[in-house]
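The values are calculated or read from the model by the stated rules, or taken from the named source; none is laboratory data. As the structure is a computational prediction, the values presented were derived from the model and not from experiment. Don't worry about glycine lacking a Cβ; one is built from the backbone with ideal geometry, like all the others, and counts go over all protein chains shown. With ligands, DNA and RNA removed, areas are computed over all heavy atoms of the protein, side chains included. Shrake-Rupley method; radii C 1.70, N 1.55, O 1.52, S 1.80 Å.
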Amino acid sequence: QAQQQRNLDNIVSQHPRISGGKKSKKEACASSDLEVKNTSPMSEQDSGILDVEDEDEDEEVPGAQDLVDFSPVYRCLHIYSVLGARETFENYYRKQRRKQARLVLQPPSNMHETLDGYRKYFNQIVGFFVVEDHILHTTQGLVNRAYIDELWEMALSKTIAALRTHSSYCSDPSLVLDLKNLIVLFADTLQGYGFPVNQLFDMLLEIQDQYSETLLKKWSGVFRNILDSDNYSPIPVTNEEVYKKIVGQFPFQDAELEKQPFPKKFPFSEFVPKVYNQIKEFIYACLKFSEDLHLSSTEVDDMIRKSTNLLLTRTLSNCLQNVIKRKNVGLTELVQIIINTTHLEKSCKFLEEFITNITNVLPETVHTTKLYGTTTFKDARHAAEEEIYTNLNQKIDQFLQLADYDWMAMEPSSKASDYLVDLIGFLRSTFAVFTHLPGDVDVHSTMSGKVAQTACMSACKHLSTSLMQLLLEAEVRQLTLGALQQFNLDVEECEQFARSGPVPGFQGDTLQLAFIDLRQV
């Protein structure tokens, strides 16, 4: 009945909530197998409310008196009253019911495994209090309000303790969500009987934090799969339909790319639209929990933003860093990650708008938490850049291990050493990858520009320092002019590479300066 009432309230939400007597029509019929299912007592106005819900049903929903035979209680009370020992029976009844309440409040040890476990537990508690409520209203004083309130206090603290313990075992976000809906229904039902349930709603906010954690764990797996299965190459599109589909999934506008004929390529790889859509899915999942919690739109907005920030700064950030730090990650993949994160960073403002549209809380509001997405993507980009520089230096070191100078050679050979020619060839082809990046002019200039320049400068400095170490090695006690001339040929090869402008954008002879100390020595 509480469920029906809630659905009714949602439908007629513009009308004030119907609440006929303060106890009422409510019941945890989250399931049909209620141990005890009923409305509160003899209040005629309650059955009037039920008529609203049950107009199109054939039968009335049975009340407490239809489901439970109260006559033994009434009979005993009558006999004891006639014998002048009413108080004895009152004490006996209350003592027994307290014991029964303790039994009902004892949750089964495996309650957290299924929703039915929780449902059965709640049904027992609702049943107990519905029966007591009926007794309160049909016997003059066998139980009184103070006694019921005291029992409810005990029930509330035990129920909350049990829920805290059991819900902490749950790692499935959909079960946590179902549990939340069940608790709301349980609270609504008993509130209908006049029991205070604020503490239950407070506890739901605790469960909300835990729900966020289970969501973050789940999305960590989702992001990992997306990043692991990506091919780290620009998305090719052959026709208008595919083009529109991708632009529909991810907010990307580029007038230049639109003008190009098919087939063409987006600058980013598939993980960009996939990650973006999963962030939106996560936001929807957060929103689901906040329904029916009587929260203001600002509180809901705040909760969604805080959870989304954790998703970006912790979950997605870790997944990106793991990909970047993978052993066999290639330079082209790293460059693609830099392009991808640039586009995801730009999309953050659209995520802000997406949340605003859902919660109707404008971002200018004083308390609004900003999304930290930009820092996540900046950090990932910097990590990828660092990895490119490290990666290049390691490759240079591998070539340098092949260096085999004969420091006592009488004559130099006619050309630079083979290892160095190969090394310079490797550097040329590597920087060609940078300068032929696909994509819009904007990303092209920032990406292949700055990163390629820094990588090139870093590689030249590393090469220069390493050659200097070879020359000044302690074990080299003497060397001939012939050996020096051979070494000079290699240094000239390096200088020639620097002069050839492997990466556009360097001012004058900036790159050659990397080799100036080596040249002087």
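Quick one: Asn328 ticks every box in (1) open to solvent by 50 Å² or more (accessible area, probe 1.4 Å); (2) of a type in the set (S, T, N, Q); (3) part of a helix (DSSP H, G or I) bar one, so which box is it?
Against the list (1) open to solvent by 50 Å² or more (accessible area, probe 1.4 Å); (2) of a type in the set (S, T, N, Q); (3) part of a helix (DSSP H, G or I), Asn328 comes up short only on (3).
From Asp301, Asp292, which residue is modelled with pLDDT under 85 and under 30 Å from Asp202 (Cβ atoms)?
Result of the check over Asp301, Asp292: Asp292.
Is it the case that Val275 is at pLDDT 95 or above and either closer than 22 Å to Leu371 by Cα or not assigned by the TED database to the domain that holds Thr342 (or both)?
Criteria met by Val275.
When the residues of segment 294-321 are narrowed to those that are β-branched (Val, Ile, Thr) and open to solvent by less than 30 Å² (accessible area, probe 1.4 Å), which ends up nearest to Lys378 (Cα to Cα)?
Once the filter is applied, the top-ranked residue is Thr315.
Is it the case, given these coordinates, that Ile355 is more than 21 Å from Leu287 (Cβ to Cβ), of a type in the set (A, V, I, L, M) and in a helix (DSSP H, G or I)?
Spelling it out, it is not the case that Ile355 is more than 21 Å from Leu287 (Cβ to Cβ), of a type in the set (A, V, I, L, M) and in a helix (DSSP H, G or I).
From the list Ile324, Ile337, Ile304, which one is of a type in the set (A, V, I, L, M) and touching a Lys or Arg at 6+ places or on another chain (Cβ under 9 Å)?
Ile337
Within segment 365-380, how many residues turn out to be open to solvent by less than 30 Å² (accessible area, probe 1.4 Å) and either assigned by the TED database to the domain that holds Lys450 or not in a loop (DSSP other than H, G, I, E, B) (or both)?
Going through segment 365-380 one residue at a time, the tally reaches 4.
Would you mind telling me which numbered condition in (1) in contact (Cβ under 8 Å) with a residue 40 or more places away in the chain; (2) part of a loop (DSSP other than H, G, I, E, B); (3) in the same structural domain as Val329 (by the TED database) Leu362 fails?
(1)
Being crowded, with 16+ Cβ neighbours inside 10 Å and either among the acidic types (Asp, Glu) or in contact with an Asp or Glu (Cβ under 8 Å, 6 or more places away or on another chain) (or both) is the filter here; which residues of segment 382-416 pass it?
Matches in segment 382-416: Glu385, Glu387, Phe399, Ala416.
Taking segment 96-148 on its own, how many of its residues are assigned to a helix (DSSP H, G or I) and at pLDDT below 90?
3
Inspect all residues belonging to segment 259-266 and state whether any of them is in contact (Cβ under 8 Å) with a residue 12 or more places away in the chain, open to solvent by less than 30 Å² (accessible area, probe 1.4 Å) and part of a helix (DSSP H, G or I).
Checked against the condition, which is being in contact (Cβ under 8 Å) with a residue 12 or more places away in the chain, open to solvent by less than 30 Å² (accessible area, probe 1.4 Å) and part of a helix (DSSP H, G or I), segment 259-266 yields no hits at all.
Suppose we filter Tyr211, Tyr243 for residues that are in a helix (DSSP H, G or I) and touching a strand residue (DSSP E or B) at 6+ places or on another chain (Cβ under 8 Å); which single one remains?
When all the criteria are applied, what remains is Tyr243.
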